[in-house]
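Everything below concerns the one structure shown next.
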Amino acid sequence: MKKQLGIAGIAALVVAGTVTAVPAQAVTYGTPTIALSASYLSGAVGAVGDPVVNVTVGQSGADVSALTVSATASSRASVAGTGDVTVTGAGAVRQLAVTARGRGYTSLTVKVTGLGGKSATKTLSYAASAAVLNPADARYLTGASDSSAAVDVGGGYAIVADDESNVLRLYDRSRSGAPVRTWDFSSQLGVSKEVDIEGATRIGNTVYWTGSLGNNKDGEYKAPRNTVFTTTLSGSGSGAQLAYGRSYKKLRDDLVAWDVANGNRYGFAAGTAAGEAPKQIDGFNVEGLEFAPGSTTTAYLGFRAPLAPAVPGGKALVVPVTNFDKVLSSGARAAFGAGIELDLGGLAIRDIRKNAADQYLILAGSWAADDNSDPYALYQWDGVAGHAPVKRADLPTTDPGGWEAIVDVPDLSAAGARVQLVTDSGSADLYGDGTEAKDLTHPEWKKARAAWFTLG
């Protein structure tokens, strides 16, 4: 007796007590697909939490969990070899991390192996910079190398400016990697060249930014550098957003006129003359911006140059702009208070920031252009003219790049207070081939270093 089982065509016949299976149709698998979130990746020897690359894979007819992802060294295993690559995850998106073995460049072949013996590959170009002091406290902000100012926006995030472009970038302060979000306000500012952003501060939801106000490195006047502007912050942390506010483009002119009217005490007219480079002892270059104690109207401009002999005794210079709020809100010509001269051990101001308690930190460094081997230090100050700043820490100079920005100021009276600083690494040879970071072809290989320091 024969009996057909199943109303949906179950492929089995019962014949004299035996079951005969109907052969299933063979599965045809497509060629696997593979995509990398970035074709270029940067790491550092001994780094903690280096950036990763997302590897997205798939294969028609196959469960993605059955696909395997591997990587092999294609060139210099002394930089990173096959055993230095780790792939985690089991779904359609895997995370690929590389542990740097040595400084330099290499390439890795990333391969997805699917079912049916089929595979596909992509090439990942990798660059590793040298080891740094205290790698556990170091993070690398990729996408740009010339970081010059930073503003905390809460939730462990900061907005960082770059002096080679007008792009502002939002970074997770705790992680190495690319920015979460970027803004370029060039069109609103009416400029096509860089403003040379060097200083920033925040009052409420208004963030103030200033260009260097000086000539370019060849001593040429470039109008965009004579720009200060505001942005309005909404949200916080990873959700922070910026909107353009207002700008003012005559602050340099106002400073020169003020100094001339006061007997050329600081040599601003000479420092801004045609042919005068800004980063020399009697040059003209603003790198710090912060408000005076208890004030939302008077802002302090901190100068990288001039220093001595223009400033007697080799002291660093702060010039108060007493109506800074109106300068930005209504375009009023700037008014100034008496210059404040600070003894920073012969160093100039590279950044100046304060906290809600009006405790100031000054990041002090050389006025010189190529100064990565010169000393850096952090000084505490109360913001009062005539009161001396006190050194809180000497900073290492063995790492590539110069210390350039204070992200925010902790409670300076607390034991073990820690501050995060960011480097301008634009002139650094990160990968040992003689190429300055600012000239690297691939943005993913450009990076600045953020590091935590404990104040003594």
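Here are the numbers:
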quantity: Counting DSSP beta bridges with both ends in the chain, the antiparallel % (nearest 5); calculated: 95 percent
quantity: Overall Cα dimensions of the chain - principal axes, largest extent first, Å; calculated: 118, 46, 46
quantity: Relative counts (whole %) of C-alpha pair distances in the stretch 318-456, using bins that are 5 Å wide; calculated: 2, 9, 16, 18, 16, 14, 11, 8, 4, 1
quantity: Sites ALA388 and ALA335 - FRET efficiency at Förster radius 25 Å, r taken between beta-carbons, to 0.05; calculated: 0.40
quantity: Ellipsoid semi-axes in whole angstrom, largest first, where each is sqrt(5λ) of the Cα gyration tensor of the stretch 343-421; calculated: 21, 15, 10
quantity: C-alpha center-to-center spacing [the stretch 74-100, the stretch 332-377] in angstrom; calculated: 43 Å
quantity: Cα Rg, Dmax, the stretch 234-293, angstrom units; calculated: 16.7, 49
quantity: Check: the chain dipole with +1 on Lys, Arg Cβ and -1 on Asp, Glu Cβ, in debye; calculated: 1840 debye
quantity: Principal axis dimensions, the stretch 300-368 - Cα atoms, whole angstrom, descending; calculated: 37, 29, 20
quantity: Global form of the stretch 15-170, assessed from the alpha-carbon gyration tensor, a/c cut-off 1.5; calculated: prolate
quantity: Highest to lowest packing among 50-57, 175-182, scored as the average C-beta count within 10 Å; calculated: 50-57, 175-182
quantity: Column: log10 I(q)/I(0), Debye, Cα scatterers of the stretch 384-451, q = 0.12 Å⁻¹; calculated: -0.45
quantity: Two-site label geometry, LEU115 and THR454: point separation in nm, points 7 Å out along Cα→Cβ; calculated: 5.5 nm
quantity: Accessible surface, the stretch 81-144, averaged per residue in Å² (probe 1.4 Å); calculated: 41 Å²
quantity: Degrees, to the nearest 10: 251-261 long Cα axis against longest axis of the chain; calculated: 20 degrees
quantity: For the stretch 144-218: span of alpha carbons on each principal axis (Å, largest first); calculated: 38, 28, 21
quantity: FRET efficiency estimate (nearest 0.05) - Cβ-Cβ, ARG76 to TYR221, R0 30 angstrom; calculated: 0.10
quantity: Cα-based radius of gyration of the stretch 241-353 once divided by 2.2 N^0.38 Å, which approximates compact folds; calculated: 1.06
quantity: Stokes-Einstein translational diffusion, the stretch 71-145 - Kirkwood Rh over all Cα pairs, 0.692 mPa s, 37 °C, in µm²/s; calculated: 234 µm²/s
quantity: 222 nm mean residue ellipticity, helices alone, for the chain (DSSP H n ≥ 4; -39,500 (n - 2.57); rounded to 500); calculated: -1500 deg cm²/dmol
quantity: Where GluC sites (Glu not before Pro) in DSSP loops with at most 15 other Cβ within 10 Å are excluded, longest remaining stretch of the chain; calculated: 1-219
quantity: Local electrostatic count, LEU41, Cβ distance below 10 Å [Lys/Arg +1, Asp/Glu -1]; calculated: -2
quantity: Net length gained if the chain between SER65 and VAL93 were fully extended (0.36 nm per residue, minus Cα distance); calculated: 9.1 nm
quantity: Rg/Rg_globular for the stretch 275-335, with Rg_globular taken as 2.2 N^0.38 Å and Rg from C-alpha atoms; calculated: 1.26
quantity: Where labels lie 7 Å past Cα in the beta-carbon direction, separation of ASP429 and VAL180 in nm; calculated: 3.7 nm
quantity: Inter-label distance, nm, simple model (7 Å from Cα along the C-beta direction), ALA243/TYR105; calculated: 4.4 nm
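The values are calculated or read from the model by the stated rules, or taken from the named source; none is laboratory data. Since the model is a prediction, treat every value here as computed from it, not as a measurement. All Cβ positions, even for glycine, are placed from backbone atoms using ideal geometry, and neighbour counts span all protein chains on display. Just the protein is used for accessible areas: all its heavy atoms, side chains included, with ligands, DNA and RNA removed. Shrake-Rupley method; radii C 1.70, N 1.55, O 1.52, S 1.80 Å.
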